[in-house]
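Note sheet for the following structure.
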Amino acid sequence: MKTFELSGIGVDSLVFAERPMPPVGPRDLLLRIRAASLNYRDLAIARGEYGKVSLPLVLGSDAVGEVVKAGAEATRFAVGERVIPTDTPDWIAGPPDERMLRRRLGGTLPGVLSELLVVSEEAAVPAPAHLTDEEAATLGGAGVTAWQALYTADRLRPGETVVVVQGTGGVSLFALQLARLGGAEVIVTSRSADKLARAAALGATRGIDTRATPDWDQEVLSLTRGRGADVVIDVVGGASLARSIAAARVGGVVVVLGFLDGTSSNVDLPAAIRRSVTLRSYSGRSRESYEGLARALSSSDIRPVVDRVFDFDAAREAFAYVASGAQFGKVVIRI
Ligand SMILES: NC(=O)c1ccc[n+]([C@@H]2O[C@H](COP(=O)([O-])OP(=O)(O)OC[C@H]3O[C@@H](n4cnc5c(N)ncnc54)[C@H](OP(=O)(O)O)[C@@H]3O)[C@@H](O)[C@H]2O)c1
């Protein structure tokens with residue numbers, strides 16, 4: 001089977017390879033991957049920013065595939081069904097422990113940028129029927145992360161909630177759409193006026209251009225008449241984390257997800273404590289959260305925002321596009 005792998009550290013080491021098909025155990029599914037989507041994480045792993053990985057590594061954690069073979073004891077899915085593999089296969093439900101987070105597709109396990117993939121039948125969910133392959137391939141790292149951030153530990157309360165979403169990438173646009181679904185007002189920050197206009201068309205209540213208004217936290221306070229946001233989804237990290245804390249209301253939540261602008265931060269601790277802010281972070285996604293997001297999408301008119309679709313042979317170009325930061329939503333590879 002053809003795979004797209006990292007053979008060394010650095011994006012120049014992204015290569016195609018031929019690998020033998022993995023064996024299918026009695027409770028496994030063999031999937032023919034139809035589409036995969038990229039996450040910033042895939043790029044960070046390729047750049048060596050994500051800790052040590054064992055090489056060569058097939059990259060990618062999000063995909064949709066068709067069951068082409070089911071192990072003799074597998075009962076959850078039948079041949080021909082369209083399923084989404086869960087990227088943290090040992091985390092089924094509830095809060096995780098260290099063991100559940102250890103194995104990850106495209107990290108400690110081979111990833112989805114491959115013609116075929118073997119997964120345990122427990123580590124897959126049905127793909128929502130109304131989504132195209134390209135849309136269904138985007139749910140994990142972006143959609144389920146946003147779902148967990150908004151609807152698991154800290155539940156949105158309709159109407160009175162203000163959510164700040166940073167940037168217009170995969171996680172952020174799902175967070176925007178899902179927060180609107182829950183009745184929240186959403187303030188989006190972006191480095192592009194054009195992308196803010198597109199975010200408004202998706203339902204953003206207000207937009208802040210961080211190039212024109214670098215002290216966007218003060219703007220959030222002013223837009224909320226001094227109160228601050230109930231939830232801030234921080235994907236930018238670096239120096240922005242201090243601003244996220246300043247933009248949160250007293251008792252608000254800052255969800256620390258990413259580090260697009262730096263892997264460390266100087267936080268003004270007295271300011272955080274004065275605001276009684278909860279800093280919450282997530283790593284990995286439970287099957288229960290995949291199922292929760294799939295239900296929410298199936299019962300609403302939300303469709304994942306797919307920016308560009310690349311052919312498998314153009315996988316390197318797809319990585320370069322993610323690296324450019326030009327995307328609005330998800331970058332997908334058709335396999
Ligand atoms: N903890 C988790 O479970 C988890 C899960 C998924 C993602 N993440 C992390 O969340 C972050 C976003 O991931 P993603 O896959 O959504 O990324 P993405 O799709 O590549 O989107 C990135 C977006 O963020 C903005 N951006 C990029 N570089 C920036 C910078 N230096 N400063 C400010 N804004 C910047 C851009 O929007 P504008 O052009 O509009 O500004 C860009 O479109 C990454 O750090 C990723 O590792 C964490």
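With (1) more than 16 Å from the ligand (Cβ to nearest atom); (2) within 18 Å of the chain's Cα centre (by Cα) as the list, and LEU139 as the residue in question, which single condition is left unmet?
(1)
I want to confirm something. Restricting to the range 61-83 and keeping residues that are touching a residue at least 60 places away in the same chain (Cβ under 8 Å) and touching an Asp or Glu at 6+ places or on another chain (Cβ under 8 Å), which single residue is farthest from the ligand (Cβ to nearest atom)?
Of everything passing the filter in the range 61-83, VAL64 is farthest from the ligand (Cβ to nearest atom).
Can you work out which of the residues in the range 193-248 that are at positive phi and of a type in the set (Gly, Ala, Ser) is surrounded by the most Cβ atoms within 10 Å (Cβ to Cβ)?
Selected residue: GLY228.
When you check VAL15 against the structure, is it closer than 30 Å to VAL79 by Cβ and more than 16 Å from the ligand (Cβ to nearest atom), yes or no?
no
Return the residue satisfying two criteria in turn: it lies in the range 164-186 and is more than 8 Å from the ligand (Cβ to nearest atom) and part of a strand (DSSP E or B), and of such residues it is surrounded by the fewest Cβ atoms within 10 Å (Cβ to Cβ).
Ranking the qualifying residues of the range 164-186, first place goes to GLU185.
Looking for whichever is crowded, with 19+ Cβ neighbours inside 10 Å and closer than 29 Å to GLY228 by Cβ here; the options are GLY262, GLY325, GLY329. Which one fits?
Unique residue meeting the criteria: GLY329.
Of all the residues that make up the range 98-156, how many are under 23 Å from PRO23 (Cβ atoms) and among the charged types (D, E, K, R)?
Residues that pass the stated criteria total 6.
Considering the range 141-162 alone, what residues qualify as being in contact with a Pro (Cβ under 9 Å, 6 or more places away or on another chain) and at pLDDT 95 or above?
Within the range 141-162, ALA142, GLY143 meet the criteria.
Please enumerate the residues belonging to the range 97-114 that are surrounded by fewer than 23 Cβ atoms within 10 Å (Cβ to Cβ) and in contact with a Gly (Cβ under 6 Å, 6 or more places away or on another chain).
Hit for the range 97-114 is LEU101, nothing else.
Please go through the range 281-312 and pick out each residue that is charged (D, E, K, R), in contact (Cβ under 8 Å) with a residue 12 or more places away in the chain and more than 10 Å from the ligand (Cβ to nearest atom).
Correct list: ARG287, GLU288, GLU291, ARG303, ARG308, ASP311.
SER289 is checked against (1) assigned to a helix (DSSP H, G or I); (2) surrounded by fewer than 22 Cβ atoms within 10 Å (Cβ to Cβ); (3) within 15 Å of the chain's Cα centre (by Cα) and fails just one. What number does that condition carry?
(2)
For the range 20-38, indicate whether the set of residues that are surrounded by fewer than 20 Cβ atoms within 10 Å (Cβ to Cβ) and without any contact (Cβ under 8 Å) to a residue 12 or more places away in the chain is non-empty.
no
Identify, by number, the condition in (1) within 16 Å of the ligand (Cβ to nearest atom); (2) touching a residue at least 12 places away in the same chain (Cβ under 8 Å); (3) more than 22 Å from ALA315 (Cα to Cα) that GLY51 doesn't meet.
(2)
The values are calculated or read from the model by the stated rules, or taken from the named source; none is laboratory data. Remember, predicted model here, so these are calculated numbers, not experimental data. All Cβ positions, even for glycine, are placed from backbone atoms using ideal geometry, and neighbour counts span all protein chains on display.
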